[in-house]
Amino acid sequence: MKILILGAGPAGSSTAIQLLKNGHQVTMIDRAKFPRHAPGETLHPGIEPLLKQLNILDETLLSAPLRHLGIENIVNGTSTFKAYNEAENWRGFQLFREEFDTILLNKAIELGAVFHGGVSPTKVNYSIQGIQSIETSTDIFEADYFIDATGKRAWLANNFAIKFNEYSSKLIAYYGYVKNSKHDSLHPELIWDENGWTWITKVKKDLHTWVRLDLNEHVKIGSKWLPNQLTDGTQTGIRKAVDVTWRKAKTCAKNNCFLIGDAAFVLDPGSSHGVLKAIMSGIMVAYLINQSSSQSTHTIMNQYNLWVHEQFHKDITKLRALYCEYNIKNSKY
Ligand SMILES: Cc1cc2nc3c(=O)[nH]c(=O)nc-3n(C[C@H](O)[C@H](O)[C@H](O)COP(=O)(O)OP(=O)(O)OC[C@H]3O[C@@H](n4cnc5c(N)ncnc54)[C@H](O)[C@@H]3O)c2cc1C
């Protein structure tokens, strides 16, 4: 079968790898040229078996990620360590997304994906079956299935008039990088206050990243703001504000189109496993496309919608419980 994937982040590339392993033909289009920047360096340990399944665990380990056993939760200066799973010694990863995403994409290309980087889709052509083809400024791509893996922009979903439900008030996360700070911690730190949290992670010997999220209301932070722990260092690289309002597409599978990763559902980074969920949704869609020779399209679309619904609502319940535990007041989520 021929599959066109828009977006070559973790969701798009993991779908491609799984489809190619099963003999499908895959074309990928990303508006960015790789390597490209992306936020989010702390990967949940649950990702390790998936990296093995995608045959990229060795390459990921070779890129020398830092590893951690859990998260330090800090309230009023007092720190409580929460291990992921003490009995099993689970370890998360701290790494550079641009390196990690390139490892995933290169694996897809090695297995036969045709990748068009720095190319944007411009038009969707429809037939009664759903999507017939997608145009760029130079080509027309036809396929049996079309996958929207364009992240928060959800380009194909928007063109296909798929609407989103929101489950929180507007949430804007700020993030940036600091080099040469002497601040040291074995584990990523989540520093709680009455309005929200600040996340600090060391990603290299001399480089930290931070994320700030206010859950009460949108508190705009100044361009020089840094977490207290990192003010001895120097701001470096990209600093951005990102809309992380909790949302999910009303349908994540329609006709011959699937939405995966952030294009299907977004939670704020407090859930701490956006990359894991993106990869899981990609693997799930590849599995369902594989089933399409023996099951009706209607059945596989329903299965996917149900799966996303369950995953998303499980995650929302956990995130709400976490925010209640740390007593964040007045939030409307
Ligand atoms: C501040 C912040 C911190 C985070 N921290 C973490 C963390 O620590 N751990 C974690 O697991 N998750 C974290 N996340 C979430 C994580 O970044 C996302 O969940 C993850 O990147 C989703 O992967 P994806 O493949 O769906 O989308 P993306 O990684 O966003 O990839 C989408 C791809 O689509 C391409 N694209 C966009 N528009 C188009 C278009 N029109 N046509 C073609 N291509 C297009 C983009 O160039 C990009 O390559 C964080 C998010 C934020 C905002």
- request: Report, by residue number, each residue of the stretch 13-47 that is near the ligand (Cβ under 6 Å from one of its atoms) and over 23 Å from TRP199 (Cβ atoms).
  value: ILE29, ASP30, ARG31, ALA32
- prompt: What is the residue count in the stretch 139-180 for residues that are within 12 Å of the ligand (Cβ to nearest atom) and among the basic types (Lys, Arg)?
  reply: 2
query: Filtering the stretch 15-29 down to residues that are open to solvent by 10 Å² or more (accessible area, probe 1.4 Å) and polar (S, T, N, Q), which residue is nearest to ALA113 (Cα to Cα)?
result: THR27
task: Name the one entry in LEU50, LEU62 that is under 18 Å from the mean Cα position of the chain (by Cα), surrounded by fewer than 20 Cβ atoms within 10 Å (Cβ to Cβ), away from the ligand (no atom under 11 Å from the Cβ) and farther than 29 Å from ILE191 by Cα.
output: LEU50
query: Yes or no: ILE131 of a type outside the set (S, T, N, Q), at pLDDT 95 or above, within 16 Å of the ligand (Cβ to nearest atom) and open to solvent by 40 Å² or more (accessible area, probe 1.4 Å)?
result: no
- prompt: Can you find even one residue in the stretch 228-242 that is touching a His at 6+ places or on another chain (Cβ under 7 Å) and over 15 Å from ILE200 (Cα atoms)?
  reply: yes
- request: Could you figure out which of (1) touching a helix residue (DSSP H, G or I) at 6+ places or on another chain (Cβ under 8 Å); (2) under 30 Å from GLU325 (Cβ atoms); (3) within 12 Å of the ligand (Cβ to nearest atom); (4) not hydroxyl-bearing (Ser, Thr, Tyr) isn't true of ASN85?
  value: (3)
message: What's the total number of residues in the stretch 181-215 that are away from the ligand (no atom under 11 Å from the Cβ), farther than 10 Å from GLN229 by Cβ and charged (D, E, K, R)?
response: 7
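Check whether at least one residue in the stretch 140-154 is part of a helix (DSSP H, G or I), open to solvent by 70 Å² or more (accessible area, probe 1.4 Å), touching a strand residue (DSSP E or B) at 6+ places or on another chain (Cβ under 9 Å) and not β-branched (Val, Ile, Thr), and report yes or no.
yes
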- line: Residues of the stretch 177-211 being within 19 Å of PRO39 (Cα to Cα) and of a type in the set (S, T, N, Q), in sequence order, are THR198, THR201, THR209
task: Find the residue count for the stretch 70-105, including only residues that are open to solvent by 40 Å² or more (accessible area, probe 1.4 Å) and within 18 Å of ASP58 (Cβ to Cβ).
output: 3
message: Can you say whether ALA8 is under 22 Å from PHE258 (Cβ atoms), open to solvent by 10 Å² or more (accessible area, probe 1.4 Å), within 13 Å of the ligand (Cβ to nearest atom) and not polar (S, T, N, Q), as far as the supplied structure shows?
response: no
- request: Could you tell me whether any residue of the stretch 241-256 is within 11 Å of the ligand (Cβ to nearest atom), at pLDDT 95 or above and among the small types (Gly, Ala, Ser)?
  value: yes
task: Counting only residues that are touching a Cys at 6+ places or on another chain (Cβ under 8 Å), give me the strands (runs of 3 or more DSSP E) lying completely in the stretch 10-76 with at least 1 of them.
output: none
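Matching residues to (1) in a loop (DSSP other than H, G, I, E, B); (2) among the small types (Gly, Ala, Ser); (3) in contact (Cβ under 8 Å) with a residue 24 or more places away in the chain:
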{"position": "LYS82", "(1), (2), (3)": "no, no, no"}
{"position": "GLU86", "(1), (2), (3)": "yes, no, no"}
{"position": "ILE109", "(1), (2), (3)": "no, no, no"}
{"position": "VAL119", "(1), (2), (3)": "yes, no, yes"}
{"position": "VAL124", "(1), (2), (3)": "no, no, yes"}
{"position": "ALA173", "(1), (2), (3)": "no, yes, yes"}
- prompt: Quick one: in the stretch 194-236, which of the residues that are of a type outside the set (Lys, Arg), closer than 16 Å to VAL75 by Cα and free of Cβ contacts under 8 Å to residues at least 60 places away in the same chain is surrounded by the fewest Cβ atoms within 10 Å (Cβ to Cβ)?
  reply: ASN228
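The values are calculated or read from the model by the stated rules, or taken from the named source; none is laboratory data. Treat the numbers as computed from the prediction; the structure is a model and nothing was measured. Glycine gets a Cβ as well: all are built from the backbone with ideal geometry, and neighbour counts include every protein chain shown. We work out accessible area using only protein heavy atoms, side chains counted, and drop any ligands, DNA or RNA first. Shrake-Rupley method; radii C 1.70, N 1.55, O 1.52, S 1.80 Å.
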